[in-house]
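The values are calculated or read from the model by the stated rules, or taken from the named source; none is laboratory data. Bear in mind the structure is a predicted one, so any value in this text is a computation, not a measurement. In this analysis, Cβ positions are derived from the backbone assuming ideal geometry, glycine residues included, and neighbour counts consider all displayed protein chains. Accessible surface areas use protein heavy atoms only, side chains included; no ligands, DNA or RNA. Shrake-Rupley method; radii C 1.70, N 1.55, O 1.52, S 1.80 Å.
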Amino acid sequence: MPKLCKFTSPGDGKPVYVNPEQVSVVYTHKGEPADTIIAFRKDFLLGVKESLEEVVAKLEAAKGDAGE
């Protein structure tokens, strides 16, 4: 089972957990304030408080741990 990554919900500050194997794309939506969006396939988007760089680093680290 892949390691889950913990992020923070921007709305209420509660933790959200993401399976890095199911993430298709991560991007920044340039709103005010800017949001980091994690997309799963084409029909589900999740906004998180962390920066784009933090999200990518956590997802890559989790994928690396799962492959060992």
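State whether one or more residues within the range 25-46 are of a type in the set (A, V, I, L, M, F, W, C), touching a Ser or Thr at 6+ places or on another chain (Cβ under 6 Å) and in a helix (DSSP H, G or I). No, there is no match, as no residue in the range 25-46 is of a type in the set (A, V, I, L, M, F, W, C), touching a Ser or Thr at 6+ places or on another chain (Cβ under 6 Å) and in a helix (DSSP H, G or I).
Residues in the range 1-22 that are open to solvent by less than 30 Å² (accessible area, probe 1.4 Å) and either of a type in the set (Phe, Trp, Tyr) or not in a strand (DSSP E or B) (or both): PHE7, SER9, PRO20.
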